[in-house]
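Notes to accompany the following structure.
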Amino acid sequence: MKGARRPVIIDADPGLGFPWADVDDNLAVALALAHEELDVRLISVVAGNTPAPEGAASISETVAKLDRSVPVALGAQKPLVKPFVSGRELLAERVKGQAGENRPESARNPPALPEHLPSALSAQIELLESSRERPDMVCLGPLTNLATLARERPDLLLRLGSVVIMGGAIDHPGNVTPAAEFNIWIDPEAAGIVFAAPVPKILVALDVTTSVEIAQAEVENALCGGSPAAQYLVEGVRSWTGIWRSARGAASFVPHDPVALSYLIDPTLFESEPMRVVVDRDTGRTCGEREPSSDLQVARRIDAARFKRLFLAALSRIAGAGSADEARD
Ligand code: BDR
Ligand code: CA
């Protein structure tokens, strides 16, 4: 490995192992752990796709299946102001009636919550106070945990290198309402606080993430090593693509969170521009306009083919195939 490892905090709302929950946070963590140049120091969990204790159980299981050890901390159990409804409840409600056909295979025994998890706020404070380098943070769920840190210890935001955020829909329809993207819609107040926070930010919204689609078959090819970790990920992805098969016409998914995470691995995958982004607190809609002096960069385009190679090569390494080097072009 060349060069120093970059310290990273991942803040996420994982769902693998729970019925109707998106698995892309777990895949983003797997992508990070497959890249040695990233030093994942903490995974803090927030209420989003699942209630936070489920998310913590889910990601603890993922880290263990990947045979790694990363501290997991339990964060906000609800948004700052709005009542909480989890993504998996919303989805189950939306596809009610198809449940017989599309029943997720992840309705196996759900993972158990580990005992004695620290709080996300205290774990983030301790890490930022003690770290000699400035960690980057990547937020893959609602922004409640980072907004809470910004309220409690605004001084510590200056100790972050940058914040990469998966969220929002700028010139693109929403995915939870016609106007709003899920992570922002769940906690629009938190998003408003984070967008205004004095730290360099990169927003990876639906405009970019939805230009990437991964087929179940591509995941299975990449993970064909047969290791227990590979099997675990294949089954997790199958449960998610199975829900969407009839709606999308194919067993495939949009890897929102791995796309956002990949900014830390290779920012040249993206073209971005500085923008001012305003969040409507009532609807969760994100409106952006170009603002050259903004500390918020919005990803506008991604090299989807190159991202897919990076992502699938990481899965191959996890499966133990080892030979799938990323082609850099
Ligand atoms: C975002 O919402 C969640 O369902 C995904 O994990 C992703 O972070 C996409 O809108
Ligand atoms: Ca997420």
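In the range 36-71, which residue that is in contact with a Lys or Arg (Cβ under 9 Å, 6 or more places away or on another chain) and under 17 Å from residue 164 (Cα atoms) is nearest to ligand 2 (Cβ to nearest atom)? In this case the residue turns out to be 40.
Comparison of 170, 184 shows that the only residue that is in a helix (DSSP H, G or I) and closer than 24 Å to residue 80 by Cβ is 184. The set of residues in the range 1-35 being more than 21 Å from residue 162 (Cα to Cα), of a type outside the set (A, V, I, L, M) and touching a helix residue (DSSP H, G or I) at 6+ places or on another chain (Cβ under 8 Å) consists of 14, 15, 17, 18, 19, 20, 22, 24, 26. Restricting attention to the range 191-206, the residues that are assigned to a loop (DSSP other than H, G, I, E, B) and within 17 Å of residue 46 (Cβ to Cβ) add up to 1.
Here is a yes/no grid of residues against (1) modelled with pLDDT of 95 or more; (2) within 16 Å of ligand 1 (Cβ to nearest atom); (3) at positive phi:
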position	(1), (2), (3)
14	yes, yes, no
23	yes, yes, no
31	yes, yes, no
40	yes, no, no
56	yes, yes, no
66	yes, no, no
72	yes, no, no
78	yes, no, no
114	no, no, no
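Scanning the range 31-65 for residues that are within 22 Å of residue 230 (Cα to Cα) and aliphatic (A, V, I, L, M) returns 31, 32, 33, 34, 38, 40, 43, 56, 57, 59, 63, 64. Scanning the range 219-259 for residues that are touching an Asp or Glu at 6+ places or on another chain (Cβ under 7 Å) and assigned to a loop (DSSP other than H, G, I, E, B) yields 254, 255.
Would it be correct to say that residue 7 is open to solvent by 50 Å² or more (accessible area, probe 1.4 Å), more than 16 Å from ligand 2 (Cβ to nearest atom) and modelled with pLDDT of 95 or more? Criteria not met by residue 7.
Looking across the range 42-54, the residues that are within 16 Å of ligand 1 (Cβ to nearest atom) and either free of Cβ contacts under 8 Å to residues at least 12 places away in the same chain or open to solvent by 10 Å² or more (accessible area, probe 1.4 Å) (or both) come down to 49, 51, 54. Restricting attention to the range 292-313, does a residue exist that is of a type in the set (Asp, Glu) and assigned to a helix (DSSP H, G or I)? No, the range 292-313 has no match at all. Under the condition of being surrounded by 17 or more Cβ atoms within 10 Å (Cβ to Cβ), more than 24 Å from residue 160 (Cα to Cα) and of a type outside the set (A, V, I, L, M, F, W, C), the residues counted in the range 289-307 number 2. If a residue must be of a type in the set (A, V, I, L, M), in contact with a Ser or Thr (Cβ under 7 Å, 6 or more places away or on another chain), over 18 Å from residue 296 (Cβ atoms) and at pLDDT 95 or above, how many such residues does the range 225-279 contain? Counting residues in the range 225-279 that are of a type in the set (A, V, I, L, M), in contact with a Ser or Thr (Cβ under 7 Å, 6 or more places away or on another chain), over 18 Å from residue 296 (Cβ atoms) and at pLDDT 95 or above gives 2.
Condition check ((1) farther than 26 Å from residue 129 by Cα; (2) part of a helix (DSSP H, G or I)) across all residues:
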| position | (1), (2) |
| --- | --- |
| 19 | yes, no |
| 22 | yes, no |
| 30 | yes, yes |
| 42 | no, no |
| 56 | no, yes |
| 63 | no, yes |
| 67 | yes, no |
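The values are calculated or read from the model by the stated rules, or taken from the named source; none is laboratory data. Because the structure is a prediction, the values reported are computed rather than measured. Virtual Cβ from ideal backbone geometry, glycine too; neighbours counted across all protein chains shown. Note: areas computed on protein heavy atoms with side chains; ligands, DNA, RNA excluded. Shrake-Rupley method; radii C 1.70, N 1.55, O 1.52, S 1.80 Å.
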